[in-house]
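For reference, the structure discussed in these notes is given below.
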Amino acid sequence: MATGSLVGMPLKRVEDPRLITGNGHYLDDIKLPGMVHVAVVRSRHAHAQIARIDTGRAAAVPGVLAVYTGRDLQGQVSSLPCAWQAGGVPNNVNTPPVLALDRVRWTGDAIAAVVAETPAIAEDAARLVEVEYAPLPVVVDAQAATNPGAPQLHDNAPDNVCMRWTAGDDAAAQRALQDADVVVRQRLINQRLIPNPIEGRGAIGRYDPGTGEYTVWMTSQAPHVMRLLLAAFVLGVPEHKVRCISPDVGGGFGAKIFLYGDMALVAWCSRQLGGRPVKFVESRRENYVATTHGRDHVTEIEVGARKDGTITALRVKTYANLGAYLSTIAPGIPTTLYGRMLAGCYRIPHIFCEVLGVYTNTAMVDAYRGAGRPEATYAVERAVDLVAAKLSMDPAEVRRKNFIPPDAFPYKNPVGMLPYDSGDYGKTLAKALEMVRYDEFRREQEVARRQGRYLGIGLSSYVEVCGVAPSAWIGLPGEGWGAGLWESANVRMHLTGKVVVTTGSLPHGQGHETTVAQIVADELGVPMDDVTVEHGDTLGTPFGYGTYGSRSAAVGGVAVYRSLQKVKDKARRLGAHLLEASEADVVYEGGKVFVKGAPDRSKTIQEIALAASVAYNLPKGMEPFLDETSYYDPPNCTFPFGTQVAVVEVDPETGRVELKRYVAVDDVGKVINPLIVDGQVHGGIVQGVGQALWEGAVYDANGQLVTGSMMDYAVPRAAWFPTLEVARTETLSPVNPLGVKGAGETGTIAATPAVVNAVVDALRPLGIHHLDMPLTPERVWRAMQSKR
């Protein structure tokens, strides 16, 4: 491939031929000598005391090597840690044991493990483990769980409250509401979702009795963090005694960020079996009941405004369902990533947010694509439309009136800790309205209404926080993480001229091997084919915090960029030496070092790499080899933004919502690869629309997940969507030298309120001002009938 100006080109992904031809290497593809398999026995009850466990029949099955319960792990394996607690407030922490001891707290809680020679034997034997339960009362609704007399899950969490977290000035917000010309109040449900990556989770553990070292292969978005947590908090061994490897990962959407009990279980089981590798691969049913879920907020909003549409106050109270235990970063999602973004794109002078994190008899809830930002955007964008409806104003005009102006950046909102870096929110709104022909649509809508048709258009203007990393912010007690989230990269150029990049960021579908190679090829002036990107192995890559929160380019990519500058600086010094010129008289450009004004006097980067490797003619004091590492800790996060627009038609006879058009105008800063960004936006939109119209995890009163398979949980299908129309503006981030912001979550954040706003707009002639998600045909039809 040619070199030069590769950043910004829509290149096909270099990893795709390997992945789409079946030559990827996923966890279930791994076969190790002597490997055995483990099946997990899970609770059938949402809340119960364990009266008795009888493993005798299971242990007697031919091919079964061992059956373990929580008693066997006591004193050897600790409960999983919660690494990110809500900042600045007490947290009543309860984390899951690897195997339950005396009590189960959700349907899917792990009780026992059966290790056998084959997966089939392990699964069959697991069904023979007899568990006698003493059922306890169950609560699945977060708000109901805080009521007096509700079933209590943990002794240290009265009223099932993990934490009460606030941001903003409540007294000022209440005064502003009292002074407002209009006040709108609304209860919002942001329903529970199941992430549904195409590949489920799994882990393989291998213990080496000779060295005392553990190797754990895992479907993880953050293997270095998993190594730290496994070693220091669960297995109780030094970090260097654990190696974690993420092979190719088939999607994550946040659910593969976290530490799960099976990761520790396979390592511990391998040690018990003298070092035989132990493999766990969850079924899709297990993925639904035992892997983390997302969202699940009950929110009450109060928004005040003047008669001209200026929003003066926003007051929010949210019950955030955290499930039966705290997952790895669960409390940080509805606090830092949700509460601090409740201003959205708007200059709202008075904001107050209160969040109650609540335990219930349900699966753990943690980050799901967008992680707090979609929930915040939904609350804000519904609030804006409710104000517009109350004042009989156009929703687009209310947005324009309240946008933070471009000259106000950097801008710090009333509940934020960091300033928004840059933005021009009016530009994306204007472009989206132009693309959808907004004024023309409003005229068509009036005609359609006279014909008895229900057409609607919904806007969603959003801003999100990405590149979550700055140690000076996230490490403060006020944010609860207690550490940095910097990222690392190593760049080395071999004597053959080939470049190898190792990075702490790793892909699970994003195309890192392509985008990183584009940056490297551009900066060094080498062909992309000469660049190899390595990731996912804690033994061979510098420590990094992984991939989530749209941070790979804005943090990981910048770490690569900084290492490249070090390589270029060294190459420039060595090139000057080889050319017998002063360093001040040479430049590095187009893959070679040459003397200013005399480009024929030059050395290519390949020639310089060879000279650096053979090392017999180096400047005094220079070390051999082109090999540089950087750890990048950004001074601020980045804040992508945009406006997305949905056009819908509601069938008055069935309540079915048809998505007729979808327009997305995003600003993600500098775009490295437009083709990859478009793909990210498309996927995010589908997930966001899925929440608005179809998806929802439902527990019954007994704590049984009634949407426990794809027969009952409606995953969006391509045939349900029109062609997605995407465009961009470009506002560079001043935070990093690449100018990038982040693109992986834009669609998921913006699409949900856009679609809900569109459906409510369509039904406005019936006097309907709000509907809770998902907007299924039955729910919409019943709402329409109730108004007739």
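Observations on the model:
- Estimated distance in nm for a label pair at Asp529 and Glu778, the labels positioned 7 Å out from Cα along Cα-to-Cβ: 5.8
- Computed [θ] at 222 nm, deg cm²/dmol, the chain (DSSP H ≥ 4; -39,500 (n - 2.57); rounded to nearest 500): -8000 deg cm²/dmol
- Euclidean distance between Cα centres, the stretch 319-366 to the stretch 19-69, Å: 34
- Alpha-carbon centroid distance for the pair the stretch 640-660 / the stretch 72-148, whole angstrom: 40
- Database remark: amide H of Asp667 closer than 5 angstrom to the amide H of Phe641, Gly642, Thr729 (H placed geometrically; neighbours at sequence offset of 5 or more, or on other chains; Pro and chain starts carry no H).
- Beta bridges by DSSP in the stretch 458-599, antiparallel share as percent, to the nearest 5: 65
- Once both labels are positioned 7 Å from their Cα atoms along Cα-to-Cβ, the gap between Arg57 and Ile30 label points is 3.4 nm.
- Note on the chain: the C-alpha convex hull projects to 35.9 nm² when averaged across all orientations.
- Global dimensions of the stretch 348-430 from alpha-carbon coordinates: Rg and Dmax equal 15.8, 48 Å.
- Mean separation of Cα pairs under 8 Å and 6 or more residues apart, divided by the residue count, gives the stretch 168-254 a relative contact order of 28 percent.
- In terms of its alpha-carbon gyration tensor, the stretch 622-751 comes out prolate; a/c meets the 1.5 threshold, and the first ratio a/b outweighs b/c.
- Alpha-carbon spread of the stretch 703-788, three principal axes, descending order, Å: 56, 37, 29
- At a probe radius of 1.4 angstrom, the accessible area of the stretch 307-391 per residue rounds to 15 square angstrom.
- Each Cα pair of the stretch 269-322 feeds into the Kirkwood radius, which the Stokes-Einstein equation turns, at 4 °C and 1.567 mPa s, into a diffusion coefficient of 80 µm²/s.
- P(r) weight above 17 Å for the stretch 291-375, C-alpha pairs, percent: 47
- Accessible surface, per residue, of the stretch 555-605 when the full set of protein chains is kept, probe 1.4 Å, Å²: 45
- Centre-to-centre separation between the Cα atoms of the stretch 259-296 and those of the stretch 165-188: 45 Å.
- The alpha carbon gyration tensor of the stretch 556-626 gives principal lengths a ≥ b ≥ c with a/c of 1.5 or higher and a/b no greater than b/c, which makes the shape oblate.
- For the chain, DSSP calls about 80 percent of its internal beta bridges antiparallel.
- Ligands, DNA and RNA are left out, and with a 1.4 angstrom probe the accessible area of the stretch 238-298 is 25 Å² per residue.
- Restriction of the trypsin sites (Lys or Arg not before Pro) in the stretch 664-769 to DSSP coil positions whose beta-carbon has at most 14 other beta-carbons within 10 angstrom yields Arg717.
- Rounded to 5, percent antiparallel among DSSP beta bridges of the stretch 182-288: 70
- Computed in the context of the full set of protein chains, the accessible area of the chain at 1.4 Å probe radius has 51% of its extent on carbon or sulfur.
The values are calculated or read from the model by the stated rules, or taken from the named source; none is laboratory data. What you see is a predicted model, and the numbers here were worked out from it, not measured in a lab. Note that we place each Cβ from the backbone using ideal geometry, even for glycine, and neighbour counts take in every protein chain shown. The protein model used for the area step is the full one, side chains on, heavy atoms only, and it has no ligands, DNA or RNA in it. Shrake-Rupley method; radii C 1.70, N 1.55, O 1.52, S 1.80 Å.
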